[in-house]
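Remarks on the structure that follows.
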Amino acid sequence: MIVLPFVVPPLAPFYAEVHYRFRYFFSLLNAPEPEILADAPHRLEPGEPLPVLVLVKDADRHPVMLHGVTARVSDGVSTREVSLLRSSVKIAEHWWWTIVDVPIDDLSGWISCIVQFDYDAGRGARRAFSDNYRTSSHAPLRVYVSPEPLPSLPQLMLGEGHAHSTATEDQVEFGVPPGAARGLARRMGLQFATMTDHSYDLDDAASSYLVNDPDLPKWHALQREIAELNRQPGFSLIPGEEVSCRNEAGQNIHCLVLGDRQFHPGSGDSAERWLRTRSELSLRELLDRVDPSAIVAGAHPREHVPLIQRWLLRRGSWSQKDEGQPGLHALQFWNGSFDERCKAGRDAWAQQLLRGRRIAVLAGNDAHGNFNRFRQLSIPFVRLREADHQLFGRVRTGLFAESSALPALLEAIRLHRSIATDGPVAMVSDIDGRQVIGSTLKAPTTLRLIARTSDEFGRLHRIELKRGIIGSAAEETLQVWESPGEMYWAWRYDVTDHRPHYLRLEIATHPGHRDQRPHHCLTSPVWFNA
């Protein structure tokens, strides 16, 4: 296999793999020791201890003696120190991880956590902070300890809509162990998370990401691990796959396939072979072969694709024709940031709704681990870069479901009972309080429009009721409520329009206590006379 080392996935935050390099090619990042790193949620629910993830990778190639791991937690006034290891441990496994709960008592607001590693990888005693990556900042982890739970509503399940596990492992990146994802996500106030690993990683041999195995050991192992973890109630991992397939122009785009027990090949943009950029399936072929019980969503359809990736990997973007394909259940256009690309995706989604297409909104972060900050190859073999956006669970999908069990979550997406949020939440109900997002109703009728937020994400600032007349060219803003300045808002709205149409809500807040920026929520539509 030949890999293109300078091709990094667009806008994908990940745990950085630093051991791969071209033969005879210098690497400033490579070192004869395993990757060692600490991670923690970027936010905590009130009353929860701080779960610190300690992760060691590639110790099968570079065994290490981990003598001590110490966490020092500070709110700027007081500092407490906790040992995360009872005794030294010798690690010689490919993957090794543990989560240790650090008591934080009555701390709230922003805290910092310095994780110190003392280890010996055969070169004598060494010490590292946060991670042992060369060129990283080694800065403390920063965590927002919220005094309030995440805003929620009856039967609303909040989760990460696009994330990667350890099954995503290649020359530049790796993801988080599913059990670790579950352990940290629950403390953040989430009820589910997707594990959508790359199709071109899931077909690799268990022992090497440079070799494909037609028996799909990684795929089957991931399915078994998720099924076992889902035996524990209260939180579900949604098994999935991020499939590379061909758009109408023959370019590579990505689809999220959720809940399918069949593997779907897609290797066109894997960079595994020079000039071999044609994925096995077109979008239409993929949609035709998925199990009827599975969910298919367009992944980050309006993300910018760098020119070098267009040339070398034949990566492309979704077109309106692609987004209008029958069998597509949702679009995950909110991918980490509420920016211009997200807004372009929202507008493209609206164009499908105006054609009468029933398609849900999903949100996620494309997080390959990275609960607290991501470390990404900036210049392969030379330098890492770090950032505090596109973190696991930072942007969330909300599903109105009877429970957090896997079948209920998949059914909620199928019925388009979804919202996308990075803070506030919203719903539309009938006059009796029954949630109706995704439903088809008859006019005249009366609705209750509801929005909720918290001090963490800011008071309600702008609430827009959008209407789309089926067959029209654009949505209209039917009504705007400016600066209500409340934490909870409800309104009765009489629907009298007998034309086929839909209604949906968009919410924005004032800057909150957490990060001094506005936060947003979008709901999937309620349909009328359609």
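In the structure shown, the pairs LYS321/LYS343; LYS321/LYS442; LYS218/LYS343 are assessed against 25 Å; a Cα-Cα span above that value is assigned to LYS321/LYS442; LYS218/LYS343. Here the peptides 229-242, 515-528 are ranked by packing, the mean other Cβ count within 10 Å, and the order with the highest first is 515-528, 229-242.
Residue farthest toward the positive end of the dipole of the chain, with Cβ of Lys/Arg at +1 and Asp/Glu at -1: which of PRO233, GLY336, GLN479? Farthest along the dipole direction, towards plus: GLN479.
Mean separation of Cα pairs under 8 Å and 6 or more residues apart, divided by the residue count, gives region 51-183 a relative contact order of 23 percent. As a proxy for reagent exposure, ranking TYR200, TYR133 by other Cβ atoms within 10 Å from fewest up yields TYR133, TYR200. Spin-label pair HIS138-LYS90: with each label point 7 Å from Cα along the Cα-Cβ axis, the two points sit 2.7 nm from one another. Put the Cα centre of region 396-449 next to the Cα centre of region 118-149 and the gap is 41 Å. Per residue, the convex hull spanned by the Cα atoms of region 423-528 amounts to 89 cubic angstrom. Taken about its Cα centre, region 15-400 carries a charge dipole of about 700 debye when Lys and Arg each add +1 at the Cβ and Asp and Glu each add -1 at the Cβ.
For a quick protection proxy, order the peptides 422-429, 209-216 by their average other-Cβ count within 10 Å, most packed first.
Highest to lowest by the protection proxy: 422-429, 209-216.
Length gained on full extension, SER152 to ASP215, computed as 0.36 nm times the residue gap minus the Cα-Cα distance: 18.4 nm. Each Cα pair under 8 Å and six or more residues apart adds its separation to the average, and for the chain the resulting relative contact order is 14 percent.
Here, each number is a calculation from the coordinates, and none is a lab measurement. Note that the structure is a prediction, hence the values are computed from the model and not measured. Methodologically, a virtual Cβ is constructed for each residue, glycine included, from the backbone with ideal geometry; neighbour enumeration extends over all protein chains shown.
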